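Visitor: Can you keep this structure in mind? I'll have questions shortly.
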Amino acid sequence: MKILDNIDKMKDKSNMRQILLDFDQQCLKASKLIENIKIPPEYKDVDNIVTSGMGGSAIGGDLMRSLFADSCEIPVVVNRNYTVPTFVNERTLFMAASYSGNTEETLSAFKSAQIRGAKLISMSSGGQLKELSNEFNNPHIEIPLKGIQPRCALGYLFIPMMMALSKLEFIPEQDSHLQEAIDLISDTAKKISPEIPTSDNKAKKLAKKIHGKMPVIYASQNKFDIVAMRWKGQFNENSKAVAFYNAIPEMNHNEIVGWGIPEKITKKSIVLILKDKDDMPQISKRMAITSDLIKETGAKVKTINTKGNSPLAKALYLIYLGDFTSFYLAALNDVDPTPIERISLFKEMLTK
């Protein structure tokens, strides 16, 4: 456990530590990427919005859908496929994100949307998606940070998309909320950075609680379901650990029954409940009951509260805390958080 307070002993060849520490600056820079992008006025005249991406490149669309479902007056749909939904047409705003610009599923979907006449916006650090965007003459947002894992570029993959929809007046202006989020992340970094000892470091303490157990993350379906999914994905990719997530109230109708069997797995599990003070009263009640019932099975339960005022600040705070927790869990698991060898191997086998 002492490795958490010995930075030099942590396996981190690609310096994910610094990428995490710079996340506030990434968010700030990302907010300015849309300033010089000309979006045609006819892009406002649509009936639906579809965001398309895979893996770490898709989470921007997920956050859009989750955070602004109650303020965007037209549907936001997240597409993770080679194809696009049949409703996509000339009255669809289609936003494609691929960190590398070469994700084959996203490129295929992007081409399909173009054939259907959708209004296109793309985001990438270059690659074929940028080339297609130039060919199709649609707005392209270029991500300036290259050579990292897509999951480390969340600010660049989400914030320009959010600012674009704000610019098109589909969602309320988010400048003040984003500034709150950046300030909160900057303050949090000072409290959970590797230099802060475990005794005073919330993320390190949480990683220690999770170490050796299977984390299962629950959050409210409203606003924070995607944050729970992000935590799960970061434990998978950064910590190289199996993890699962679900949303409340849905899990109360099925998954709650499964706790307790197998007994050995249950007792090696820890449930992390992401809770917001503004959750619906009925959701808060469900979380409390869920916690009590799962504790009775022998699993550990830990409640993690949001910080901040706006939904945007709360979500980015929780994501940041989860990212650093997964970084420290990687250290406890004696693995480098950056490489994703199984995904690379899978892609290699897929091309054969």
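Visitor: Within the stretch 102-120, which residues are more than 25 Å from ILE143 (Cβ to Cβ) and β-branched (Val, Ile, Thr)?
Guide: ILE115, the sole residue that qualifies.
Visitor: So is ASP12 modelled with pLDDT of 95 or more and either within 22 Å of ASP323 (Cβ to Cβ) or in a helix (DSSP H, G or I) (or both) or not?
Guide: Against the criterion (modelled with pLDDT of 95 or more and either within 22 Å of ASP323 (Cβ to Cβ) or in a helix (DSSP H, G or I) (or both)), ASP12 does not qualify.
Visitor: Does the stretch 83-106 hold any residues that are more than 21 Å from ILE171 (Cα to Cα) and under 21 Å from the mean Cα position of the chain (by Cα), and which are they?
Guide: SER98, TYR99, SER100, GLY101, ASN102, THR103, GLU104, GLU105, THR106
Visitor: Mind counting the residues in the stretch 334-352 that are part of a loop (DSSP other than H, G, I, E, B), surrounded by fewer than 21 Cβ atoms within 10 Å (Cβ to Cβ) and not β-branched (Val, Ile, Thr)?
Guide: Count: 4.
Visitor: Could I ask something else about it? Suppose we filter the stretch 11-28 for residues that are of a type in the set (Asp, Glu) and out of contact with any helix residue (DSSP H, G or I) (no Cβ under 6 Å at 6 or more places or on another chain); how many remain?
Guide: Final tally of qualifying residues: 2.
Visitor: Return only the number of the condition from (1) closer than 25 Å to ASP175 by Cβ; (2) without any contact (Cβ under 8 Å) to a residue 40 or more places away in the chain; (3) in contact with a strand residue (DSSP E or B) (Cβ under 8 Å, 6 or more places away or on another chain) that SER133 does not satisfy.
Guide: (1)
Visitor: Taking the residues in the stretch 190-241 that are modelled with pLDDT under 95 and among the polar types (S, T, N, Q) as candidates, determine which candidate is nearest to ALA330 (Cα to Cα).
Guide: Ranking the candidates gives GLN221 first.
Visitor: Report, by residue number, each residue of the stretch 67-101 that is surrounded by fewer than 16 Cβ atoms within 10 Å (Cβ to Cβ) and either touching a Phe, Trp or Tyr at 6+ places or on another chain (Cβ under 8 Å) or within 16 Å of GLU142 (Cα to Cα) (or both).
Guide: Once the filter is applied, which keeps residues that are surrounded by fewer than 16 Cβ atoms within 10 Å (Cβ to Cβ) and either touching a Phe, Trp or Tyr at 6+ places or on another chain (Cβ under 8 Å) or within 16 Å of GLU142 (Cα to Cα) (or both), the stretch 67-101 yields GLU73, ILE74.
Visitor: Only one residue in ILE261, ILE289 is surrounded by fewer than 17 Cβ atoms within 10 Å (Cβ to Cβ) and farther than 25 Å from LYS223 by Cα. Which one?
Guide: Of ILE261, ILE289, the one residue that is surrounded by fewer than 17 Cβ atoms within 10 Å (Cβ to Cβ) and farther than 25 Å from LYS223 by Cα is ILE261.
Visitor: Which numbered condition in (1) out of contact with any Leu (no Cβ under 9 Å at 6 or more places or on another chain); (2) over 18 Å from LEU312 (Cβ atoms); (3) in a helix (DSSP H, G or I) is the only one that GLY117 fails?
Guide: (3)
Visitor: From the residues in the stretch 128-152 that are closer than 15 Å to ILE37 by Cα and assigned to a helix (DSSP H, G or I), which one is farthest from the chain's Cα centre (by Cα)?
Guide: ASN134
Visitor: Something else: Would you check if ASP8 is surrounded by 12 or more Cβ atoms within 10 Å (Cβ to Cβ) and without any contact (Cβ under 8 Å) to a residue 12 or more places away in the chain?
Guide: When the stated conditions are applied, ASP8 does not pass them.
Visitor: Out of all the residues in the stretch 182-195, is one or more touching a Cys at 6+ places or on another chain (Cβ under 9 Å), of a type in the set (Val, Ile, Thr), in a helix (DSSP H, G or I) and surrounded by 15 or more Cβ atoms within 10 Å (Cβ to Cβ)?
Guide: Yes, the stretch 182-195 contains a residue that is touching a Cys at 6+ places or on another chain (Cβ under 9 Å), of a type in the set (Val, Ile, Thr), in a helix (DSSP H, G or I) and surrounded by 15 or more Cβ atoms within 10 Å (Cβ to Cβ).
Visitor: If a residue has to be of a type in the set (Val, Ile, Thr), free of Cβ contacts under 8 Å to residues at least 40 places away in the same chain and assigned to a strand (DSSP E or B) to count, how many in the stretch 285-328 make the cut?
Guide: Number satisfying all stated conditions: 2.
Visitor: Taking the criterion of being within 26 Å of ASP8 (Cα to Cα) and of a type in the set (Phe, Trp, Tyr), would at least one residue in the stretch 296-319 satisfy it?
Guide: No, the stretch 296-319 contains no residue that is within 26 Å of ASP8 (Cα to Cα) and of a type in the set (Phe, Trp, Tyr).
Visitor: Could you list, in sequence order, all residues of the stretch 22-49 that are surrounded by fewer than 19 Cβ atoms within 10 Å (Cβ to Cβ), more than 29 Å from GLY117 (Cβ to Cβ) and not basic (Lys, Arg)?
Guide: ASP22, GLN25, LEU28
Visitor: Tell me the residue from VAL242, VAL227, VAL271 that is more than 23 Å from GLY61 (Cα to Cα), assigned by TED's automatic domain parsing to the domain that holds THR325, aliphatic (A, V, I, L, M) and touching a helix residue (DSSP H, G or I) at 6+ places or on another chain (Cβ under 6 Å), please.
Guide: One residue alone meets the criteria, VAL271.
The values are calculated or read from the model by the stated rules, or taken from the named source; none is laboratory data. All values derive from a computational prediction rather than experimental measurement. Methodologically, a virtual Cβ is constructed for each residue, glycine included, from the backbone with ideal geometry; neighbour enumeration extends over all protein chains shown.
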